[in-house]
Amino acid sequence: MKIIFATLHVRKSAQAEPLAAACLAAALSPELRARTELLSFFPEDTEEQIRREILARRPELVAFPLYVWNRTFLLQLSRRLRQADPSLRLVAGGPEATADPLGVLAEGNLDGVVNGEGEAVFAELAAALARGENPAGQPGLLWQSSRGPVNGPEAPPPDLRQLPSPWLGGVLSATPGSGILWETSRGCSFGCDFCFEGRSGRGVRVVPPERLKAELDLFAQAGVAQAWILDSSFNYPPERGKDLLRLLVDRAPHIHFHLEAKAEFLDREMVRLFSRLRCSVQLGFQSADPKVLRLLHRSLDLDLFSRKINLINAEGVTFGLDLIYGLPGDNYQGFRASLDVALGFAPNTVDIFPLAVLPGTPLRHRREQFGLRAQTAPPYEIIDSPTFSAADLARCRRLAAAANLFYNLGRAVAFFPALLGAVDLKPSDFLAGFADWAVDNGKLTEALLERLEEWNPAQILPLQEGYAEYLLRRNGKSDLLPAALDLIRYHFHYAETLLGEETTPAGAVRERNLWDSPCRLNPRVKLVPFVYEVLDLQDTGDIDLEEFVALFRPLGSVALFLRRGDQVICESLEENFLKLLQSCNGEKSPQDIFAGSISQREGEEIVEFAVSEGLLTPPTEN
């Protein structure tokens, strides 16, 4: 029997791995697994393209993992597949199927729906169909029979110690420079009403350490670049989290790991383990109001949270915070207050979401109690509530878009406090003003403000500079503008260099005649002018702009930016070195550039150093 798993990803990215499908495929019998194929699709693929690609493989069974972002599309695709080939067996699983099995069955004109974790259920279903048997009544399966839907009894969750690894079994391949999704546990010990993850109340089940070690060794040997750890509270209990972190440090310190953690279970030892890794940590904050969170069976001790964030900041660990607007009991001003608190912690990013009233969650069952009106189809976003009008939610959405654009994509964490201090604004006032300024002055449209996928940091930089100039002039602080622009540009070029390609040394070049050779500046090296001395910008730390302007004179400098390994090198260039680098365009030789202004010996020493360090490339290396 030919089996196709069709996964529609939310977007093309390093995270676009069909992990759910691969886990189910890995659990099949060897005979069935050999006739199974995993197909990945993306939003730009049309329904007709996907349908043709599936049908071209002549499958007998097609399975769809359903999520909020793909349910509507894939179930429409299922109906079209049914029309094209009535003999096809069509089934679905995943969070959407588990939360609404009858609705999914009818909407997709499916044969069956797998309810809950699907490895054992799908393996038994596939085996039964291969034997020509009717699977109706099978545990964990809703099956469309001639008499109507037959719902089998609940299936127990699979024993993670017995499940085969999709990575170790070769269903998924780890490749050099790739990103991977890595499952280290299932379930959640915390029952937040808005979250689908903890609905079962079964707590956390962990993947056996032997499998984790083997998978991690595989990733390290393959040269994987990034890994997203699928574990919603990996650091609970704390010792479990530390064991995992020690494993990462020992076996794969070169991989960049993305983790989700519970802030209240952080401690100094855990944070120091973070600092030994290349990692980013996402922390659920959601709201700064404990009363709002208490309504949703979530707790917050703001003083404790602050102390934990201080631990992270002290070790320089990259972290982000999550916020939700539209929560029951909250309102627009409360959301703004939460945003102010969140940005006061100086996260590298703040990810802001509208409340989604997801099927299968306690919040969905309590929506009438809270007076919530929400979309009945994906993405199930809130429409309004007694404390959030539709207009309030639109204002929240606009503020979230401004934060995403200016702060997150604009990588503003390092200079944001200095700008706030200079104009004496709260973060929410600053960002709301940014949206008004950008739209009112024709810098962007309302629609473009929210289409974040169309932006990159180089496009955002002029907006940041323009808004800073507007605010400082409006507040009568034009004297701070050169320092503010220097600060913004310094951090922009620092981040671009850190995320860009490495400049590698060329090695010894003394046997080569470089004096008469036209060289060219390595395109990975950036030369950036500043009004102030760039070394003063580097050394000021958290100093505010007024203090900076009082302490330093605008002497001017040109800085060289390049990356070596994980380090950014930023140096202020002296006159002759700068002259050489700026003039090396592939046409002039060092002899032409210096033209008697310095001795040949001095000039040769400068150019030899520049070439050996990889700053310049001579003609033979072009």
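The values are calculated or read from the model by the stated rules, or taken from the named source; none is laboratory data. No experiment lies behind these values; they were computed from the predicted model shown. Reconstructed Cβ throughout: ideal geometry from the backbone, glycine too, with neighbour counts over all protein chains shown.
List pairs: first residue in the range 545-559 and assigned to a loop (DSSP other than H, G, I, E, B) and of a type outside the set (Ser, Thr, Tyr), second residue surrounded by 15 or more Cβ atoms within 10 Å (Cβ to Cβ) and at pLDDT below 95 anywhere in the structure, Cβ distance under 8 angstrom, at least six positions apart or on different chains.
PHE552/ASP536
Anything in the range 389-412 that is touching a helix residue (DSSP H, G or I) at 6+ places or on another chain (Cβ under 7 Å) and either more than 27 Å from GLN459 (Cβ to Cβ) or part of a loop (DSSP other than H, G, I, E, B) (or both)? List them, or say none.
Within the range 389-412, ASP392, GLY410, ARG411, ALA412 qualify.
Of the residues that sit in the range 535-549 and are under 31 Å from the mean Cα position of the chain (by Cα) and of a type outside the set (D, E, K, R), which one is nearest to LEU487 (Cα to Cα)?
Here the residue is LEU537.
Take the range 562-605 and flag every residue that is of a type in the set (Val, Ile, Thr) and touching a Cys at 6+ places or on another chain (Cβ under 8 Å).
ILE593, the sole residue that qualifies.
Mind listing whichever residues of the range 101-119 are aliphatic (A, V, I, L, M) and part of a strand (DSSP E or B)?
Hits for the range 101-119 are VAL113, VAL114.
Got a number for residues in the range 533-544 being in contact (Cβ under 8 Å) with a residue 40 or more places away in the chain and not β-branched (Val, Ile, Thr)?
So the answer is 4.
Answer yes if at least one residue in the range 190-199 is modelled with pLDDT of 95 or more and of a type in the set (Asp, Glu), and no otherwise.
The answer is no, given that none of the residues of the range 190-199 is modelled with pLDDT of 95 or more and of a type in the set (Asp, Glu).
Any residue at all in the range 199-214 that is closer than 27 Å to PRO354 by Cα, of a type in the set (Ser, Thr, Tyr) and under 22 Å from the mean Cα position of the chain (by Cα)?
Within the range 199-214, not a single residue is closer than 27 Å to PRO354 by Cα, of a type in the set (Ser, Thr, Tyr) and under 22 Å from the mean Cα position of the chain (by Cα).
Looking only at residues in the range 101-145 that are free of Cβ contacts under 8 Å to residues at least 24 places away in the same chain and of a type in the set (Asp, Glu), which one is farthest from TYR380 (Cα to Cα)?
Out of the qualifying residues, it is GLU133.
Looking at (1) out of contact with any helix residue (DSSP H, G or I) (no Cβ under 6 Å at 6 or more places or on another chain); (2) surrounded by 14 or more Cβ atoms within 10 Å (Cβ to Cβ), which is the one condition that is false for LEU555?
Against the list (1) out of contact with any helix residue (DSSP H, G or I) (no Cβ under 6 Å at 6 or more places or on another chain); (2) surrounded by 14 or more Cβ atoms within 10 Å (Cβ to Cβ), LEU555 comes up short only on (2).
Return only the number of the condition from (1) hydrophobic (A, V, I, L, M, F, W, C); (2) touching a Pro at 6+ places or on another chain (Cβ under 8 Å); (3) more than 23 Å from GLY614 (Cα to Cα) that LEU514 does not satisfy.
Unmet for LEU514, out of (1) hydrophobic (A, V, I, L, M, F, W, C); (2) touching a Pro at 6+ places or on another chain (Cβ under 8 Å); (3) more than 23 Å from GLY614 (Cα to Cα): (3).
Of these, PHE285, PHE257, PHE319, PHE274, which one is under 18 Å from ASP217 (Cα atoms), within 20 Å of the chain's Cα centre (by Cα) and aromatic (Phe, Trp, Tyr)?
PHE257
Could you give me the residue pairs with C-beta distances under 8 Å whose first residue belongs to the range 563-577 and is crowded, with 17+ Cβ neighbours inside 10 Å, whose second residue is assigned to a loop (DSSP other than H, G, I, E, B) and among the hydroxyl-bearing types (Ser, Thr, Tyr) wherever it lies, and which are 6+ apart or on separate chains?
Close Cβ pairs (under 8 Å, with a partner that is assigned to a loop (DSSP other than H, G, I, E, B) and among the hydroxyl-bearing types (Ser, Thr, Tyr)) amount to ARG563/THR503.
Which of the residues belonging to the range 519-540 are within 21 Å of PRO619 (Cβ to Cβ) and out of contact with any strand residue (DSSP E or B) (no Cβ under 8 Å at 6 or more places or on another chain)? Show your work before the answer.
Going residue by residue through the range 519-540, those that are within 21 Å of PRO619 (Cβ to Cβ) are 519-525, 527.
Of everything in the range 519-540, just one residue is within 21 Å of PRO619 (Cβ to Cβ) and out of contact with any strand residue (DSSP E or B) (no Cβ under 8 Å at 6 or more places or on another chain), namely PRO523.
For the range 138-188, which positions are surrounded by 18 or more Cβ atoms within 10 Å (Cβ to Cβ), of a type outside the set (Lys, Arg), under 34 Å from the mean Cα position of the chain (by Cα) and over 20 Å from SER29 (Cβ atoms)?
Within the range 138-188, ALA174, GLY179, ILE180, LEU181, TRP182, GLU183, THR184, SER185, GLY187, CYS188 qualify.
Name the residues in the range 283-329 that are surrounded by fewer than 19 Cβ atoms within 10 Å (Cβ to Cβ) and polar (S, T, N, Q), would you?
SER299, SER306, ASN310, ASN313, THR318
Identify the single condition in (1) farther than 15 Å from LEU172 by Cα; (2) touching an Asp or Glu at 6+ places or on another chain (Cβ under 7 Å); (3) of a type outside the set (S, T, N, Q) that ALA27 does not satisfy, given that it satisfies every other one.
Only one criterion is unmet by ALA27, namely (1).
For (1) part of a loop (DSSP other than H, G, I, E, B); (2) touching a Pro at 6+ places or on another chain (Cβ under 9 Å); (3) of a type in the set (A, V, I, L, M), each residue gets a yes or a no:
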| position | (1), (2), (3) |
| --- | --- |
| ASN576 | no, no, no |
| LYS579 | no, no, no |
| GLN582 | no, no, no |
| GLU587 | yes, yes, no |
| ASP592 | no, yes, no |
| ARG601 | no, no, no |
| ILE606 | no, yes, yes |
| VAL611 | no, yes, yes |
| GLY614 | yes, yes, no |
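Please find, within the range 439-464, the residue that is nearest to the chain's Cα centre (by Cα) out of those that are buried (at least 16 other Cβ atoms within 10 Å of the Cβ) and free of Cβ contacts under 8 Å to residues at least 24 places away in the same chain.
Here the answer is LEU444.
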